[in-house]
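The values are calculated or read from the model by the stated rules, or taken from the named source; none is laboratory data. Note that the structure is predicted; figures quoted are calculated from it, not measured. Backbone-built Cβ (ideal geometry, glycine too); neighbour counts: all protein chains shown.
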Amino acid sequence: MCLGIPMQIQSVDGFLARCTAKGAEREVNLFMLQDDTIGVGDYVVVHLGHAISRMSEEEAAAAWEIYDAILAAQDGDRVEL
């Protein structure tokens, strides 16, 4: 199973962006979103180093809640959604 990771854009240089999530920082290719207006502070779904869609801050937070629950379950912690 492949998952897209919600990340927040910190800087943009052409089709490349510096994005962060949960303390990790990555360089992300924005080419697939070239028809969208993307800027610093926006949230994107990142898959294999490419931003594949734009998302709201609320959608990003909801996705991280689910991912955190999955990670906690893998560690043997009981999590209620």
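Restricting 51, 17 to residues that are aliphatic (A, V, I, L, M), surrounded by 14 or more Cβ atoms within 10 Å (Cβ to Cβ), more than 11 Å from the chain's Cα centre (by Cα) and modelled with pLDDT of 95 or more narrows the list to 17.
If you scan region 17-48, which residues turn out to be of a type in the set (A, V, I, L, M), touching a strand residue (DSSP E or B) at 6+ places or on another chain (Cβ under 7 Å) and within 20 Å of residue 2 (Cα to Cα)? Steps first, answer last, please.
In the first step, residues of region 17-48 are kept if they are of a type in the set (A, V, I, L, M); the result is 17, 21, 24, 28, 30, 32-33, 38, 40, 44-46, 48.
With touching a strand residue (DSSP E or B) at 6+ places or on another chain (Cβ under 7 Å) added as a condition, the list becomes 17, 21, 28, 30, 32-33, 38, 40, 44-46.
The answer is 21, 28, 30, 32, 33, 44, 45, 46.
Please go through region 31-47 and give me each residue that is surrounded by 10 or more Cβ atoms within 10 Å (Cβ to Cβ) and within 23 Å of residue 67 (Cα to Cα), ordered by number. Hits for region 31-47 are 42, 43, 44, 45, 46, 47.
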